[in-house]
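The values are calculated or read from the model by the stated rules, or taken from the named source; none is laboratory data. Worth saying up front: this structure is predicted, and the values here are computed from it rather than measured. Don't worry about glycine lacking a Cβ; one is built from the backbone with ideal geometry, like all the others, and counts go over all protein chains shown. We work out accessible area using only protein heavy atoms, side chains counted, and drop any ligands, DNA or RNA first. Shrake-Rupley method; radii C 1.70, N 1.55, O 1.52, S 1.80 Å.
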Amino acid sequence: METNLNINFAGIELKNPVLTASGTFGYGYELADLIPLSELGGIVTKTITLEPRGGNSQPRIAEVESGILNTIGLQNIGVKAFIEEPLERLNKIGVPIIVSIAGAKTSEYIELAEILSRQDGVSAIELNLSCPNLKKKIICHDLCLVSEIVSGVKNVSKVPVIAKLSPLVTDIVEIALTAQNSGADGVTLANTYPAMAIDVEMFKPKLSTFKGGVSGSCIKPISVRCVYDAYQSIRVPIIGCGGIVTGEDAVEFILAGATVVSVGSSSLISPKNLMKIVYGIKNILERKNINSLKDIIGIVSKNL
Ligand SMILES: Cc1cc2nc3c(=O)[nH]c(=O)nc-3n(C[C@H](O)[C@H](O)[C@H](O)COP(=O)(O)O)c2cc1C
């Protein structure tokens, strides 16, 4: 029997579990010449805000050991322009499109979800509750705010709502449970870690905002642990994210409890890696005679 990578995430049918991670794949259509976008499990767009944002000043990317430090600051063209062009193009690809959104206050999240969830081709909304690169504190650090935003958005949204959480919290389980109990249909674990790097020749921080978010291989074990911990307590599905470069990395997240994965920094190095990850997962399942991805989700906990 052929190994089946099909998977259902929060009611959305995906042909495989590999998604792009927000902010690391443009709006989602620009790399069509480099990889067959229709072969992806799904596309998570750059985070969209109500008004266009120029983002933070340069320098806003720095390489660190086994990772990337960024302070992009949610640069995007705003929801109106996003619907006019990128969304039109994304609709033609034929894979589920998850639109990431962020607001300066709860009412902005609600307004964005109301507009976007009614657009053709939007399969789900991902709430970015975890951006480390804004002047305000990370939303995830305030449980009341997480609850207010998730329930407010859920009230108006026509499509599933996914809460993207920060790994830098005292108790990931408490926050994931708060998101779930406020109505989230899934959670993404996790965003980047607040971090810093300093240029010792210049005696200056490497980023304009001094601190940013670190991603890539160096955060993988921490994000796998977040997924494992949350999986023990929540019943909604998890998008595992953080440092996935190979099929093995993706399977590690799935064994810990993720239903699907999203891939960020590794596509900045080579977008073709996304397809290598799909084939890598398939190879592992075939080697182990496993027909369906569903059979291995969270299996590490089940083996306890
Ligand atoms: C350059 C860059 C821009 C990002 N922009 C966003 C964003 O707009 N919204 C968001 O939710 N996450 C954003 N992220 C975080 C990624 O989606 C992902 O959660 C994180 O990088 C961890 O995954 P990775 O280690 O595979 O990169 C960004 C990450 C990078 C490196």
>> Based on this model, can you work out whether residue 174 counts as away from the ligand (no atom under 11 Å from the Cβ), without any contact (Cβ under 8 Å) to a residue 40 or more places away in the chain and over 19 Å from residue 69 (Cβ atoms)?
In response: yes
>> Any residue at all in the stretch 173-193 that's in contact with a Phe, Trp or Tyr (Cβ under 8 Å, 6 or more places away or on another chain) and farther than 18 Å from residue 124 by Cβ?
In response: no
> Of the residues 167, 86, which single one is more than 16 Å from residue 187 (Cβ to Cβ), touching a Phe, Trp or Tyr at 6+ places or on another chain (Cβ under 7 Å), open to solvent by less than 50 Å² (accessible area, probe 1.4 Å) and of a type outside the set (Val, Ile, Thr)?
Replying inline: 86
> Taking the stretch 132-160, which residues are touching a helix residue (DSSP H, G or I) at 6+ places or on another chain (Cβ under 8 Å) and either more than 16 Å from the ligand (Cβ to nearest atom) or touching a residue at least 40 places away in the same chain (Cβ under 8 Å) (or both)?
Replying inline: 143, 145, 147, 148, 149, 152, 153, 155, 156, 157
>> For the stretch 54-82, which positions are part of a helix (DSSP H, G or I) and open to solvent by 40 Å² or more (accessible area, probe 1.4 Å)?
In response: 80
> When you go through (1) more than 11 Å from the ligand (Cβ to nearest atom); (2) open to solvent by 30 Å² or more (accessible area, probe 1.4 Å); (3) over 21 Å from residue 175 (Cα atoms) one by one for residue 117, which number turns out not to apply?
Replying inline: (2)
> Restricting attention to the stretch 98-149, which residues are assigned to a helix (DSSP H, G or I) and in contact with a Phe, Trp or Tyr (Cβ under 6 Å, 6 or more places away or on another chain)?
Replying inline: 149
> Wholly within the stretch 1-48, which strands (runs of 3 or more DSSP E) include no fewer than the required count, namely at least 3 residues that are open to solvent by less than 10 Å² (accessible area, probe 1.4 Å) and touching a residue at least 60 places away in the same chain (Cβ under 8 Å)?
Replying inline: 18-20
>> open to solvent by less than 10 Å² (accessible area, probe 1.4 Å), touching a strand residue (DSSP E or B) at 6+ places or on another chain (Cβ under 9 Å) and part of a helix (DSSP H, G or I): is that true of residue 179 in this structure?
In response: yes
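Return the only residue of 37, 69, 19, 50 being at negative phi, away from the ligand (no atom under 16 Å from the Cβ), at pLDDT 95 or above and not basic (Lys, Arg). First the steps, then the outcome.
Numbers: 69 fails: away from the ligand (no atom under 16 Å from the Cβ); 19 fails: away from the ligand (no atom under 16 Å from the Cβ); 50 fails: away from the ligand (no atom under 16 Å from the Cβ).
It is 37.
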